[in-house]
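Engineer: Before we start, here is the structure in question, set down as structure tokens.
The values are calculated or read from the model by the stated rules, or taken from the named source; none is laboratory data. What you see is a predicted model; the values in this text were computed from it and never measured. Cβ: placed from backbone, ideal geometry, glycine included. Neighbour counts: every protein chain shown. Surface accessibility is based on the protein's heavy atoms, side chains included, excluding ligands, DNA and RNA. Shrake-Rupley method; radii C 1.70, N 1.55, O 1.52, S 1.80 Å.
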Amino acid sequence: MKKTIYTIIAALMICMGAQAQKTYALLVGLSNYGMQGRGDLDYSAKDAKEMKMVFANQRNAQATLVTSKYATPENIKQKLRVISKLAKPQDNIIFFFSGHGAPGYVYCYQAEKLTYDDISEALSEAKTKNIACFIDACYAGTAFESIINNSEKPRKPIFMLSCKPEEVSAEVPVVDNSLFSQALLKGMRGMADADGDKKITLLELFNYVYRDVTAKAPMSHSKKSQHPMLMGPTDLHHMVITKW
């Protein structure tokens, strides 16, 4: 009898494990743009590498890091499409980009353009609605137009953006990260846990990041204001990004 009970319990645990929520993260950081030093950044690759370390400590998380010459638009879109096919309805998809940006797009290796429409399109066929994109780039707030244009897509990501459409994103030599990414990293590691439940929701994370970035931006090397933005489906505000 005991053996039968243990067998049933084991089977239930296996089933529960198969249904457990997973996180698929694609983390892109571009410091080397492959143009003989022109346009290179100091900390973007480091931002993405540290983000991977955060997800490496998360249960049931699978993180892929893409930097330098591998960060082409086609490679990024292909990997997003793969993640979209792998993710089940209960899973999370995370996309993080740190690098140069311009109105309507980010710059990939050798200054090739990846538009916000491209990102939304690559994720549009995912079975899960739990899709969050974090963009650390100048003029990131211009992603708003992409969000509006893709309003009819079956799956629409929520975007956390490093700055308003007319603003630039600062790097901070003292902490060896960009200002926005540093706040993200601290928040995901527990600083954003406003209710103390050991879970960091998207809205908790944004509230923390916004306060941190707006307070420190005037003290950064650029001396300019920087205001992160959160845009997309409000039903994703309670999406759990990390646990600590």
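Engineer: Select from the range 128-154 the residues that are open to solvent by 10 Å² or more (accessible area, probe 1.4 Å), modelled with pLDDT of 70 or more and of a type outside the set (K, R) and list them in ascending order.
Structural biologist: N130, C138, Y139, T142, F144, E145
Engineer: Further question on the same structure: Can you find, within the range 155-180, the residue that is surrounded by the most Cβ atoms within 10 Å (Cβ to Cβ) among those that are more than 17 Å from F206 (Cβ to Cβ) and among the acidic types (D, E)?
Structural biologist: For the range 155-180, the residue satisfying everything is E171.
Engineer: Which condition from (1) surrounded by fewer than 17 Cβ atoms within 10 Å (Cβ to Cβ); (2) in contact with a helix residue (DSSP H, G or I) (Cβ under 9 Å, 6 or more places away or on another chain) is the one that L202 breaks?
Structural biologist: Every listed condition holds for L202 apart from (1).
Engineer: Give all pairs with beta carbons closer than 6 Å in which a residue from the range 163-180 that is in contact (Cβ under 8 Å) with a residue 12 or more places away in the chain and on the phi > 0 side of the Ramachandran plot meets a residue that is crowded, with 24+ Cβ neighbours inside 10 Å and part of a loop (DSSP other than H, G, I, E, B); count only pairs at least 6 apart in sequence or on separate chains.
Structural biologist: Partner pairs satisfying both residue conditions: none exist.
Engineer: Further question on the same structure: Scan the range 187-196 and give yes if some residue there is in a strand (DSSP E or B) and open to solvent by 60 Å² or more (accessible area, probe 1.4 Å), otherwise no.
Structural biologist: no
Engineer: Also, I was wondering about something else. Would you mention how many residues in the range 205-224 are open to solvent by 70 Å² or more (accessible area, probe 1.4 Å) and outside any helix (DSSP H, G or I)?
Structural biologist: Number satisfying all stated conditions: 3.
Engineer: Enumerate the strands (runs of 3 or more DSSP E) found wholly within the range 37-114, keeping only those where 2 or more residues are in contact (Cβ under 8 Å) with a residue 40 or more places away in the chain.
Structural biologist: By residue number, 61-67, 92-98.
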